[in-house]
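The values are calculated or read from the model by the stated rules, or taken from the named source; none is laboratory data. Since we're looking at a predicted model, the values are computed, not measured. Cβ sites come from the backbone with ideal geometry, for glycine too, and all protein chains shown count toward neighbours.
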Amino acid sequence: MNQDFISTLLKKVREVNPLIHNITNVVVTNFTANGLLALGASPVMAYAAEEVADMAKIAGALVLNIGTLNSTEIESMIIAGKSANEHGVPVIFDPVGAGATLFRTETSKRIMNEVKVSVLRGNAAEIANVAGYQWNIKGVDAGEANGNTVELAILTAKKLKTVVVITGKDDVISDGHTTYVVHNGHPLLTKVTGTGCLLTSVIGAFAAIEKDLVLAATSALVFYGVAAEMAAEKTAQRGPGSFQIELLNQLALVSNDQINKYSNVEKIEQV
Ligand SMILES: Nc1ncnc2c1ncn2[C@@H]1O[C@H](COP(=O)(O)OP(=O)(O)OP(=O)(O)O)[C@@H](O)[C@H]1O
Ligand SMILES: Cc1ncsc1CCO
Ligand SMILES: [Mg+2]
């Protein structure tokens, strides 16, 4: 994977302006829509069971996020997911808080069973709980790292037959065979709610354009991480509020030169 690939894919995303259908949580709805617009994608939030099948089938990607789940919304997610599957639209799933409550864990497993998920994106605790492995969790944030996230990503990708993205200080992307680690990003991302949720939708925008989902997701992670680094540099003297707004600015402004200069991605050799 070279930096030109990432820049070229970003350019294509901006040219195509893919429609991203989000069924997401009430905390991050506005931030997610603005982040997708800044990037150059076209967001729509649509939740009603009566319309989600029609919306999902015309989208470039469908993003499902269970952050503030309820039973009505879950039924809509399943309907939308099945429609996306029928029409070849990639489905990106963010199992927010899986492991924190039985309802979230069971719902995540149900979505994985009933919908063919193209990319599963969460922190280590969420991914471990969806896959049925042991890990700490505290609310919607991952607990202290207590294991090898590269191994967790590879095992989960093989077990659930999907591309897995585990985020944290370092991000791991794997389909079980090809694995990348992205070292970009900034700790301020953890001081603004919904940066993980927006990232999941950004992965959707890249997956709408690039069929190789490991490359699509890895490119999205590098782009997002570099944008966060630029935003942190500009707002270091202020704080999370300024950083949140500057992250939106940088999603629109980050240049190919900055991506080439700052991208920090490593391919993992597997045996
Ligand atoms: N310590 C860190 N240093 C640098 N980047 C980080 C750090 N922790 C998280 N990130 C980055 O923050 C973004 C969100 O990842 P995170 O794992 O915090 O998601 P999340 O827990 O789902 O977040 P949220 O629930 O707030 O949406 C990713 O781009 C990730 O690379
Ligand atoms: C804080 C919070 N609670 C449910 S969803 C959400 C947004 C970050 O995942
Ligand atoms: Mg999250």
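See the values below:
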{"quantity": "Some residue of region 224-246 being in a strand (DSSP E or B) and either of a type in the set (F, W, Y) or over 15 Å from F5 (Cα atoms) (or both)", "calculated": "no"}
{"quantity": "Every residue from region 1-32 that is surrounded by fewer than 20 Cβ atoms within 10 Å (Cβ to Cβ), in a helix (DSSP H, G or I) and within 16 Å of ligand 1 (Cβ to nearest atom)", "calculated": "T29, N30"}
{"quantity": "Condition met for A41 (closer than 21 Å to L248 by Cα and more than 16 Å from ligand 1 (Cβ to nearest atom))", "calculated": "yes"}
{"quantity": "Enumeration of residues in region 185-208 that are over 15 Å from the mean Cα position of the chain (by Cα) and away from ligand 2 (no atom under 16 Å from the Cβ)", "calculated": "H186, P187"}
{"quantity": "Qualifying positions in region 78-104 - within 15 Å of ligand 2 (Cβ to nearest atom) and closer than 25 Å to A217 by Cα", "calculated": "I92, F93, D94, P95, V96, G97, A98, G99, R104"}
{"quantity": "Residue match in region 50-60 (condition: within 12 Å of ligand 2 (Cβ to nearest atom), surrounded by fewer than 21 Cβ atoms within 10 Å (Cβ to Cβ) and over 16 Å from the mean Cα position of the chain (by Cα))", "calculated": "no"}
{"quantity": "Meets criteria (modelled with pLDDT under 95 and part of a loop (DSSP other than H, G, I, E, B)) for E151", "calculated": "no"}
{"quantity": "Flag if L37 is at pLDDT 95 or above, within 17 Å of the chain's Cα centre (by Cα) and in a helix (DSSP H, G or I)", "calculated": "yes"}
